[in-house]
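Encoded as structure tokens, the structure appears first; notes follow it.
Please treat every number below as a calculation from the coordinates, not as lab data. Small disclaimer: the values here were computed from a predicted structure and weren't measured.
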Amino acid sequence: MKRRQFISLVGLGAAAACTSSNKSSQNNEAVKSEIKTGPISGHFFPALPYSYNALEPHIDVETMELHYDKHHRGYFKKFSAAIEGTSLETTSMPAIFSEISKHGEAVRNNGGGYYNHMLFWENMSPDGGEPSAKLLSHLIKNFKSLDAFKETFFKAAKTQFGSGWAWLILDSERKLKVVSTPNQDNPLMDIADHKGIPLLTIDVWEHAYYLNYQNKRGDYINAFWNVVNWNVVNKRFEKALKGEWIG
């Protein structure tokens, strides 16, 4: 996959540096990136596509600030350090994941944390629309109904032991599947038990929900449906049908 294809799929661009330290102003404007705002070759830390408080009350502002600016940024910095001076600096993330078994734990864990969060932020929105007719028909074909899909997704996210992610993917047989991965792994990695193109994901690490939901992971997962950006999921699905996300 070419770098420009990756950027088109992820849908997040580099942005100008955020100079204001005023949190109230940050809550009223999209959060800006301060890293690699120039050339698109190489990796970059993306701007959050909405304000910190945009997903309230379902995801609270304090969690968003910590999750994006501390956890996600931390993964990016460690990933950048791990690949510095290597060819991976200009290799697409899906291509890196397709041979992740050849790379060290620092690339696997931090690269996964960096990339997975980009997908997570983008597949949420204050107003994300509905599944397209084509996606809905495939969800019904594979899960019997939209509600049955949500129940399957809920179970995968709720029962993921410890930290990890739940995913809706399109596999190599063009079937929709719900899978989960531990830690910062994802279905693009060659070590994944179930491989496929990610369409929708939820972070079930405790830092994603504990401030607001404490140990009630199920309440967090149920609230997640209120902020799913189906418009993005629909676009990912259309591209996945063309095989445009295979690393």
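On the principal axes of its alpha-carbon atoms, the range 143-247 has extents of 40, 29, 22 Å, going from largest to smallest. Over the range 112-203, the fraction of Cα-Cα pairs per 5 Å bin, rounded to whole percents and listed from the shortest bin up, is 3, 14, 23, 27, 21, 11, 2, 0. Within straight-line reach of K177, meaning a Cα separation under 13 Å, sit the following aspartates and glutamates at least 8 residues removed in sequence or on another chain: E151, D193.
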